[in-house]
Amino acid sequence: QVQVAESGGGLVQPGGSLRLSCAASGTIFSTFVMGWYRQAPGKQRDLVARITAGGMTNYTDSVKGRFTISRDSAKNTVYLQMNSLKPEDTAVYYCNALVRTIAGGSLLNYWGQGTQVTVSS
């Protein structure tokens, strides 16, 4: 069994910063990709940023230059540093982990419960 847990959300003023953390734990052989998605009220869940085991990253256009994703592979942990936050960044942020639980096994997809980020004055 694999668990994914996020932390670090909260209320911040426009222009402020927050750092989200996500740890995957349990029976994990290897972690292929970890990423952050977000879902605003009434909208679909969209990719924010993701990072591969090799450190390759990609970001949605609206956060480029403001958000930075990083990972500690030894701890199966991923971080999202969010700077210059805007009201439109308000959403529930979900962590996603694509992992193998055994050598040579299939890639399995796990989600965290989400953490609320609210950008408002």
- request: For A103, indicate whether it is more than 17 Å from G8 (Cα to Cα), among the aliphatic types (A, V, I, L, M) and touching a residue at least 24 places away in the same chain (Cβ under 8 Å).
  value: yes
query: Out of (1) under 16 Å from C22 (Cα atoms); (2) open to solvent by 40 Å² or more (accessible area, probe 1.4 Å); (3) in contact (Cβ under 8 Å) with a residue 24 or more places away in the chain, the odd one out for T68 is which?
result: (3)
task: Tell me which of these A49 doesn't satisfy, since it passes every other one: (1) under 11 Å from the mean Cα position of the chain (by Cα); (2) of a type in the set (G, A, S); (3) part of a loop (DSSP other than H, G, I, E, B).
output: (3)
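Okay, residues lined up against (1) part of a loop (DSSP other than H, G, I, E, B); (2) not charged (D, E, K, R):
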residue	(1), (2)
P14	yes, yes
G55	yes, yes
R71	no, no
A74	no, yes
L85	yes, yes
E88	no, no
A97	no, yes
A103	yes, yes
task: For the range 28-58, enumerate the residues that are without any contact (Cβ under 8 Å) to a residue 40 or more places away in the chain and open to solvent by less than 50 Å² (accessible area, probe 1.4 Å).
output: L47, A49, I51, T52, G55
- prompt: If N76 passes every condition in (1) modelled with pLDDT of 95 or more; (2) within 19 Å of V48 (Cα to Cα) but one, which one does it miss?
  reply: (1)
task: Working only within the range 20-41, note down all residues that are modelled with pLDDT of 95 or more and part of a loop (DSSP other than H, G, I, E, B).
output: A40
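Could you please let me know if D89 is touching a Lys or Arg at 6+ places or on another chain (Cβ under 7 Å) and of a type in the set (D, E)?
Working: touching a Lys or Arg at 6+ places or on another chain (Cβ under 7 Å): no; of a type in the set (D, E): yes.
Criteria not met by D89.
The values are calculated or read from the model by the stated rules, or taken from the named source; none is laboratory data. This one's a predicted model, so the numbers in the text were calculated from it and none came from an experiment. With ideal geometry, Cβ positions are generated from the backbone for all residues, glycine too; neighbour counts draw on all protein chains shown. Ligands, DNA and RNA are stripped out before the accessible areas are found, and what is left, the full protein with its side chains, is counted by its heavy atoms. Shrake-Rupley method; radii C 1.70, N 1.55, O 1.52, S 1.80 Å.
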